[in-house]
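Novice: One structure is given below, represented as structure tokens, and several questions about it will come after.
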Amino acid sequence: MHRLRPAHYLMIAPAQLMLAAVIVLPAISLLWLSLERYTYGRAPEFVGLANYLFILGDRAFWRASFNTFVVVNIVVYGELLLGLGLALLVAGWVPFRRLVVSALLAPYAITEVSAVVMWRYMLEPDIGMINYALMAIGLDQIDYGGDPVTALGVAAAMAIWMHTPFTFLILYAALLTVPVELVEAAKVDGAGAWQVFRHVKFRLIVPAILIALLFRYITAMRLFAEIWLLTEGGPARMTEVLAVYLYRQAFKYHEFGVAAATGFAMLVLSLAIAMPYLVQMYRRMVRDAV
């Protein structure tokens, strides 16, 4: 193993300084702001852990945390199953593969606001094409405005539709790297399609699955547009998620210290969720290096 020399550290110093400028310093600033009482027309006042004690005693915060936990897990694992299924389908034999891949990636090119507005119009009572189609076949309309469970389900479905292309692209690229020789050898030994996937393809794409889960968990924690543009957290704040709770504290109540405490809590929660996947990736890297 080659030892790093002072010149090597100098070469990577610009990248490390850039990371410190865009990640470490804002995180420190956010942490300090979370220890202050700060609002418009008032000088910042150091209050220690008072903001954290406030959010821990706020029922709306715990409801938003529960909603975030449920929706994020539905979104992440829903995207994983759908993305993996589509990746297996496209990696096999499909006609017009390039056209199919382009169609599958299309939702990822649409901004979240535009996508949510489009889905909201399609779900409009009586006149939206989805509800109109449901009524035409004798089913009830989707009432996301009055039922919190339905609203969270609709938001999760929209997030899955918008972000599945990301997971699909990672897994599809991983499947294309699976050696054909291994697959053919497994088939010669009598392995069926399920056995080939389970014992050959799945084992080789596990690192890609871990990366997809890691990135989607971190980004899904910031779920905002789907909820805010759909229900604004209503009715009675029953559909709030942590990002909406943070937005409300900052831009409605102007409690920037409480909002910063909420943001730091989201950061810690994201790191806690990401840690098992990082540990698995580290173990695989060490095992492969040995």
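Only the coordinates and a few stated rules stand behind these numbers; no lab work does. Everything quoted here is computed from the prediction, not taken from an experiment. Cβ sites come from the backbone with ideal geometry, for glycine too, and all protein chains shown count toward neighbours.
Novice: Volume per residue, Å³, of the convex hull around the alpha-carbon atoms of region 1-159? Don't jump to the answer; show the numbers that get you there.
Specialist: Details: hull volume 45.6 nm³, N = 159.
Hull volume over Cα atoms, normalised by residue count, gives 287 Å³.
Novice: Here are labelled values, (1) 63, 49, 34; (2) 74, 72, 29; (3) 58, 40, 39, and one is the computed Cα extents along the principal axes in Å for what I pasted. Which one?
Specialist: Here Cα extents along the principal axes in Å agrees with entry (2).
Novice: At E184 and L89, where each label point lies 7 Å from the Cα along Cα→Cβ, what is the point-to-point distance in nanometres?
Specialist: 2.8
Novice: Among W228, F54, F166, whose Cα sits farthest toward the positive end of the charge dipole of region 23-289 (+1 at Cβ of Lys/Arg, -1 at Cβ of Asp/Glu, about the Cα centre)?
Specialist: F166
Novice: Please identify, among L223, L269, L17, the residue showing maximal mean-square fluctuation in a Gaussian network model of the chain using a 10 angstrom Cα cutoff.
Specialist: L17
Novice: Suppose every Lys and Arg Cβ carries +1 and every Asp and Glu Cβ carries -1, with no other charges. What dipole size does the chain come out with about its Cα centre, to the nearest 20 debye? Please report the intermediate quantities before stating the final value.
Specialist: Values: 21 positive and 18 negative charges, 220 e Å.
Roughly 1060 debye for the chain.
Novice: Follow-up question, since we're still on this one. Taking the beta-carbon count within 10 Å as an exposure proxy, list W194, W228 from fewest neighbours to most. Don't jump to the answer; show the numbers that get you there.
Specialist: Numbers: W194 8, W228 20.
Ascending Cβ contact count within 10 Å gives the list W194, W228.
Novice: I want to verify a result. In a Gaussian network model of the chain, Cα cutoff 10 Å, which of these has the top mean-square fluctuation: A173, A186, A212?
Specialist: Answer for the Gaussian network model of the chain: A186.
Novice: While we're here: Add -39500 (n - 2.57) for each DSSP H run of 4 or more in the chain, then divide by its residues: what number comes out at 222 nm, to the nearest 500 deg cm²/dmol?
Specialist: Details: 14 runs with 200 residues, N = 290.
So the calculated ellipticity at 222 nm is -22500 deg cm²/dmol.
Novice: Per 5 Å bin from zero, what fraction in whole % of the C-alpha pairs of region 169-290 is there, up to the bin with the longest pair?
Specialist: For region 169-290, the binned pair fractions read 2, 10, 13, 14, 13, 11, 9, 8, 8, 6, 4, 2, 1, 0 percent.
Novice: When the Cα centres of region 200-239 and region 51-129 are compared, how far apart do they sit, in Å?
Specialist: Rounded to whole Å, the Cα centres lie 7 Å apart.
Novice: Express the Stokes-Einstein translational diffusion coefficient of region 75-127 in µm² s⁻¹, to the nearest whole number, given a Kirkwood radius over alpha-carbon pairs, 25 °C and a viscosity of 0.890 mPa s. If you can, show how the numbers build up before the last one.
Specialist: Details: Rh = 13.2 Å.
Answer from the Stokes-Einstein relation: 186 µm²/s.
Novice: Of H199, H163, H254, which has the largest mean-square fluctuation in a 10 Å C-alpha GNM of the chain?
Specialist: H199
Novice: Return a whole-number percent for the relative contact order of region 23-289, with Cα pairs under 8 Å and 6 or more residues apart as the contact set. Kindly include the intermediate steps, with their values, before the conclusion.
Specialist: Values: 305 pairs, mean separation 83.4, N = 267.
Normalised by residue count, the contact order of region 23-289 is 31 percent.
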